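Down below is the structure, laid out as structure tokens.
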């Protein structure tokens, strides 16, 4: 017995979105939110050990600061599951507005926190509490923002439009690094005392820009909603367990790599002969390369296939992780800058197609729940521990980075293998992705 074309809810925008508007809602909104998320990582690498953990050895303080950074990832799966559920049930718009508000408020409050010298142990405890709130909001952000691009895209351009979210993550990281670099250069010795707060206050205010765009986005229309699953996540687990498991693997591998590149590398170079401002400039260059690469490789995945592009990116990362540290240890500024640009570009090759590739594994009725849960579980296991594990490896090996290279290369290998296990979706129509074409009829329905 074949499903009919009206067996599950489909979504479409009440008004068609242009590429520019879709980017502003999904990509730029995500950039503002991940600016807030990334500046916490930069502060954990450069400032928080002295502000919140001053009694510890500097390297151990960094390890503890990264552990506090990782607590935000504990809340991300919960945020992905809860907010993804309501995103499937009541629509993308209200959830995307909520995530932006919560992230902006928690970021602003982090900038207002007293340090350990003022309120003692309460300072790091409040920091962790606000970090958990950030993580919950981020858990619902990525999936919803991705779907704005994917579900509004014309046929044949889902990879390109889905990459807007990947660009947004890179843009947010770039903005965060640029602001931190500027404040660090201007503040001199006052960074630890006061100036570190300024990027957090800026982040809380900038979120208002993205909020305006999301409040003005059209509400989706629900079409053919006669058999909507009661709990979309359970429906996805029951119908597509393999896709759920492998999507977690893709996210684990990618997020482990991404946070080693964006957070651990920053800490590593800052402790190995480079100034903090120089380290932040390296990160700005890496993020700029990632933005360009994510857009280009998202578009390339529409032409060559998602798996081919992502697996190629993962393979290049495996090789480059063994090249990165020897090049950085030469202490040639221009060469180190080029090294960061290359690693950013390669990371973008893996990241660009991910939103579309994971979103296309699931039908529209369960898509927000499925990709939010799988991506955030993988992010919590991989990204939440990456900087802490890499730092612990460095401590255990007395500063030898070879163990970190092996760890990062293993994560990139997992990314590539799990991507290979998922179905290639670049040539599928929207109707085929939703499972709405049967063998005895030619009925089609919009992916939206």
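The values are calculated or read from the model by the stated rules, or taken from the named source; none is laboratory data. The structure displayed is predicted, hence computed values, not measured ones. Using ideal geometry, Cβ is built from the backbone for each residue, glycine included, and neighbour counts are taken over all protein chains shown.
Per-structure values
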| item | result |
| --- | --- |
| Filter pass, residue 160 being in contact with a helix residue (DSSP H, G or I) (Cβ under 9 Å, 6 or more places away or on another chain), farther than 26 Å from residue 423 by Cα and either buried (at least 18 other Cβ atoms within 10 Å of the Cβ) or at pLDDT below 80 (or both) | no |
| Every residue from region 260-278 that is buried (at least 24 other Cβ atoms within 10 Å of the Cβ) and at pLDDT below 85 | 262, 263, 266, 267 |
| Residue within region 325-339 that is over 15 Å from residue 274 (Cβ atoms), in a helix (DSSP H, G or I) and free of Cβ contacts under 8 Å to residues at least 12 places away in the same chain present | yes |
| Residue list for region 207-230, filter: at pLDDT below 70 and assigned to a loop (DSSP other than H, G, I, E, B) | 218, 219, 224, 225, 226, 227, 228 |
| Within region 310-326, considering residues that are surrounded by fewer than 17 Cβ atoms within 10 Å (Cβ to Cβ) and touching a helix residue (DSSP H, G or I) at 6+ places or on another chain (Cβ under 9 Å), the one nearest to residue 422 (Cα to Cα) | 319 |
| Single unsatisfied condition, residue 346 versus (1) part of a helix (DSSP H, G or I); (2) farther than 16 Å from residue 145 by Cα; (3) touching a helix residue (DSSP H, G or I) at 6+ places or on another chain (Cβ under 6 Å); (4) in contact (Cβ under 8 Å) with a residue 60 or more places away in the chain | (4) |
| Residues of region 165-196 that turn out to be within 16 Å of residue 115 (Cα to Cα) and buried (at least 20 other Cβ atoms within 10 Å of the Cβ), as a count | 2 |
| Qualifying residue in region 379-393 (condition: over 30 Å from residue 84 (Cα atoms), free of Cβ contacts under 8 Å to residues at least 60 places away in the same chain and more than 20 Å from the chain's Cα centre (by Cα)) | yes |
| Pairs with Cβ under 7 Å, 6+ apart, first in region 403-428 and on the phi < 0 side of the Ramachandran plot and assigned to a helix (DSSP H, G or I), second modelled with pLDDT of 95 or more and surrounded by fewer than 15 Cβ atoms within 10 Å (Cβ to Cβ) | 405/322; 409/322 |
| Given (1) farther than 22 Å from residue 42 by Cα; (2) in a loop (DSSP other than H, G, I, E, B), number of the condition residue 150 does not satisfy | (2) |
| Test: residue in region 188-196 that is modelled with pLDDT under 85 and touching a strand residue (DSSP E or B) at 6+ places or on another chain (Cβ under 8 Å) | no |
| Every residue from region 332-352 that is within 15 Å of residue 283 (Cβ to Cβ) and over 17 Å from the mean Cα position of the chain (by Cα) | 333, 336, 337, 338, 339, 340, 341, 342 |
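Quick grid of which residues meet (1) farther than 18 Å from residue 120 by Cα; (2) outside any helix (DSSP H, G or I); (3) without any contact (Cβ under 8 Å) to a residue 40 or more places away in the chain:
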residue	(1), (2), (3)
27	yes, no, no
31	yes, no, no
38	yes, no, no
43	yes, no, no
50	no, no, no
56	no, yes, yes
61	no, no, yes
69	yes, no, no
